[in-house]
């Protein structure tokens, strides 16, 4: 049986997202041209929460998009069962916008690579920044995050899981699992 | 991306030959996957890199505009390479067998062959002998699975469901592979199906497929939610199935007057090409209730879903 350790609770997650929201506004000098894009599934939920926080702070509702990166994965031909494809919903023009890409766990960097390629097909934003709730290290590509909720040193045998009310129907928390035969 | 909590589904099918073989769950998966692909066709850059490096051949022994263009666009939008072979311009006309042609294509490392042929069972025969995937784009009077899938996708998009709907299929049922594939699919998804057409064009014993049969279009129009019209295949009418085309149009052609007693949200579908003035009048074909062009739009998305499911991952 895998061992479970809780790393963050509901309040810690909320505070981390609040800090990230402030940092996003500070770095981008407000909400002008700012757009949030969450990576399915949990990044999309986090993007909506950050949007609500930004609205609370600045009183402005910034556009939020949802990106499904399945079609841009680099490992499709090496896995044996298809991941279910979901819809990408970006109903605003990203040309010249300041995009903040949001995901839950930042690991190898391959998801972000796929997301950057996908965004590229939608237009040419002014810049793209990356916000993540957890950075667990082990990058396989030269990609870094601009905003990090919490840095967690992990081994490759561990599995970091973010549980969110909206997607998992359970109280927000971040847990770490020990896998016997590797992640 | 091992930490991405992606739902993984079971799909170990290599070919799409007939909806008779697909389970309800597999059909649902195709329709669900197609939803996501519809969005890709609405982008400025209508292309995703998913099938980069894959090769797809369309091998058509019968004329086609829609189906072939639809498959080719679907493959191209997924970044696969495509070539089209029309039998009339190929070595088949020099006497090469279909299987030899297909094997030669496979020797060039083609991953998937889309085939249309006038004889039922040709795609199955190719699938039996080839290592790659085969998709049936219509074989004789037997099956046209991708057409039925796109029809069901279009119905689901309009009504939000298929289960419990009543679908009327009107016209030359005898020669229609579209009708047969739709019957298999619609029955599996829980729709009620009523067939309607002249007795000479109604296959004997078709009730065994779990459908109702009627010879009175007016009676059918009053009851159904979807009216699926079939093309009167004039090339297959040489054996005196009908006294005259005029008589067919009078009894089985759909016009505004006949629709006066229909449900308000009735939709009209047609797999194309339409014979305006024969199966339906222009005012109906271009009217508000017509989903004919939606079917064509959705065809690309459904075929992208099928190509993704067949070629997207290692088998």
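If I filter the stretch B:238-246 for residues that are modelled with pLDDT under 95, under 24 Å from residue B:147 (Cα atoms) and not in a strand (DSSP E or B), do I get at least one hit?
Scanning the stretch B:238-246, I find no residue that is modelled with pLDDT under 95, under 24 Å from residue B:147 (Cα atoms) and not in a strand (DSSP E or B), so the answer is no.
Can you tell me which residue in the stretch A:82-98 is farthest from residue A:33 (Cα to Cα), limited to those that are outside any loop (DSSP other than H, G, I, E, B) and facing chain B (nearest Cβ under 8 Å)?
So the residue we want is A:83.
Here are some residues: A:150, A:161. Which one is facing another protein chain (nearest Cβ under 10 Å), surrounded by fewer than 22 Cβ atoms within 10 Å (Cβ to Cβ) and under 20 Å from residue A:5 (Cα atoms)? Show your work before the answer.
Working: A:150 fails: facing another protein chain (nearest Cβ under 10 Å).
That would be A:161, the only listed residue that is facing another protein chain (nearest Cβ under 10 Å), surrounded by fewer than 22 Cβ atoms within 10 Å (Cβ to Cβ) and under 20 Å from residue A:5 (Cα atoms).
Return the only residue of A:20, A:57 being in contact with a strand residue (DSSP E or B) (Cβ under 7 Å, 6 or more places away or on another chain), outside any loop (DSSP other than H, G, I, E, B) and more than 14 Å from chain B (Cβ to nearest Cβ).
A:20
Is there a residue in the stretch A:34-41 that is in a helix (DSSP H, G or I) and either surrounded by fewer than 15 Cβ atoms within 10 Å (Cβ to Cβ) or touching a helix residue (DSSP H, G or I) at 6+ places or on another chain (Cβ under 9 Å) (or both)?
Within the stretch A:34-41, none of the residues are in a helix (DSSP H, G or I) and either surrounded by fewer than 15 Cβ atoms within 10 Å (Cβ to Cβ) or touching a helix residue (DSSP H, G or I) at 6+ places or on another chain (Cβ under 9 Å) (or both).
Since residue A:26 meets every condition but one in (1) part of a helix (DSSP H, G or I); (2) touching a residue at least 24 places away in the same chain (Cβ under 8 Å), which condition does it not meet?
Every condition holds for residue A:26 apart from (2).
Just to check your reading of the model, which residue among B:103, B:52, B:43, B:77 is within 11 Å of chain A (Cβ to nearest Cβ) and touching a helix residue (DSSP H, G or I) at 6+ places or on another chain (Cβ under 9 Å)?
B:77
Which of the residues belonging to the stretch B:282-312 are touching a strand residue (DSSP E or B) at 6+ places or on another chain (Cβ under 9 Å), part of a helix (DSSP H, G or I) and touching a residue at least 60 places away in the same chain (Cβ under 8 Å)?
B:294, B:295, B:303, B:306, B:307, B:309, B:310, B:311 - these are the residues of the stretch B:282-312 that are touching a strand residue (DSSP E or B) at 6+ places or on another chain (Cβ under 9 Å), part of a helix (DSSP H, G or I) and touching a residue at least 60 places away in the same chain (Cβ under 8 Å).
Would you be able to tell me the number of residues in the stretch A:101-136 that are in a loop (DSSP other than H, G, I, E, B), touching a residue at least 24 places away in the same chain (Cβ under 8 Å) and within 12 Å of another protein chain (Cβ to nearest Cβ)?
7
The values are calculated or read from the model by the stated rules, or taken from the named source; none is laboratory data. Everything numeric in this text was worked out from a predicted model, so none of it was measured. Cβ: placed from backbone, ideal geometry, glycine included. Neighbour counts: every protein chain shown.
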